[in-house]
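The values are calculated or read from the model by the stated rules, or taken from the named source; none is laboratory data. Not measured: the values here are computed from a predicted model. So basically every Cβ, Gly included, is an ideal-geometry build from the backbone, and we count neighbours across all protein chains shown. Quick note on the areas: whole protein, heavy atoms, side chains included, nothing else; ligands and nucleic acids left out. Shrake-Rupley method; radii C 1.70, N 1.55, O 1.52, S 1.80 Å.
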Amino acid sequence: MTQRPKTVLIAGATGYLGRHLLNAYADAGFHVLALARRPDALADAAITPDRVIQAEVTEPDSLAGKLQGVDLVVSAVGITRQRDGLSYDDVDYRANRNLLDAALAADVGRFAYVHVLNAERMPNVAMVRAKERFAQELAAAPIASTILMPSGFFSDLQEVLTMASQGRVYLFGDGAARISPIHGADMAAACVSATTAGLAAAPIGGPESFTQNEIAELAFDVLERPSRVHHVPLWLGKLAVAIGSLVGLRKPLGPLEFFLAVSSIDMTAPAHGRRRLGDAFRVKDLPA
């Protein structure tokens, strides 16, 4: 008797990582469902999911009854730049909590969540704090879970290449903090491996490790431009965030708050994948 393929639901399917997750789980033989607020946003996806489920994860009623028959939920739900009046707590925590509640109600077998590496070292970063709150609740929930912790994505480094193309790269601190960024396709493949192996947690880095200074130098090398790297004191960045908070600009400054934090933390993780950052810089494979 032929066993039916397992069904995976990808939440956040229209985003950078979500699209790679659709491909990776389809390649692994899963029956792939995509959860999307706007199904038309998947019209240009590399693969067509077996089914698109329209729902708004910030509205729990829209998820009711839609996860029946799902074996695995993989959530890449989160925001990098706040929009639509939504906060990190609204999306990175509450929307994922809504999804978890729907998974529990539907008796889903496993829930995987794309978190962030070293969250425990960034308790004052609003985005990370919201993610960590959900990750802790997921780990305590009555469901098998996998918490995926990427070091960082190639797409996070688009701004470095942009600055280099304009002649100067600005880094916070001394630029000595290390990171092992990963391409979305390699991250998605690592997610498949971690969830099929039933891992509870998986720190995931790319095949190379760099200091922030080395990433800046790589960008200049690829562009064949002279290297001009300027180091901005961490205290000055923190002051900008503090002032922004006082005048009501904390939401737009969220990404800055995160990058300030990782500028003084070792963000390397075990190596996965084969795609290299220099190649991505050369072909501009760094979607926002």
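Structural remarks
- Selection from segment 209-235 of residues that are open to solvent by 80 Å² or more (accessible area, probe 1.4 Å) and over 15 Å from G278 (Cβ atoms): R228, H231, W235
- Only one of A194, A188, A200 that is touching a helix residue (DSSP H, G or I) at 6+ places or on another chain (Cβ under 7 Å) and modelled with pLDDT of 95 or more: A188
- Among the conditions (1) under 17 Å from the mean Cα position of the chain (by Cα); (2) surrounded by fewer than 22 Cβ atoms within 10 Å (Cβ to Cβ); (3) at pLDDT below 95, the only one that N118 does not satisfy is (3).
- Of the residues in segment 144-166, at least one is closer than 16 Å to E214 by Cα, modelled with pLDDT under 95 and charged (D, E, K, R).
- Residues satisfying the stated conditions in segment 94-111, i.e. surrounded by fewer than 24 Cβ atoms within 10 Å (Cβ to Cβ) and either under 24 Å from A269 (Cα atoms) or in contact with a Cys (Cβ under 8 Å, 6 or more places away or on another chain) (or both): R110
- Of the residues screened, L86 is not one that is out of contact with any Leu (no Cβ under 7 Å at 6 or more places or on another chain) and in a strand (DSSP E or B).
- Lone qualifier among A41, A36 - being under 19 Å from the mean Cα position of the chain (by Cα), among the hydrophobic types (A, V, I, L, M, F, W, C) and surrounded by fewer than 18 Cβ atoms within 10 Å (Cβ to Cβ): A41
- Some residue of segment 75-87 being in contact with a helix residue (DSSP H, G or I) (Cβ under 8 Å, 6 or more places away or on another chain), under 19 Å from G15 (Cα atoms) and open to solvent by less than 10 Å² (accessible area, probe 1.4 Å): yes
Okay, residues lined up against (1) assigned to a helix (DSSP H, G or I); (2) within 19 Å of T196 (Cα to Cα); (3) at pLDDT 95 or above:
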{"position": "L21", "(1), (2), (3)": "yes, yes, yes"}
{"position": "A24", "(1), (2), (3)": "yes, yes, yes"}
{"position": "D40", "(1), (2), (3)": "yes, no, no"}
{"position": "A45", "(1), (2), (3)": "no, no, no"}
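- Picking from residues in segment 254-278 that are modelled with pLDDT of 95 or more and open to solvent by 60 Å² or more (accessible area, probe 1.4 Å), the one that is nearest to P123 (Cα to Cα) is D266.
- Tally of residues being buried (at least 22 other Cβ atoms within 10 Å of the Cβ) and hydroxyl-bearing (S, T, Y) across segment 15-27: 1
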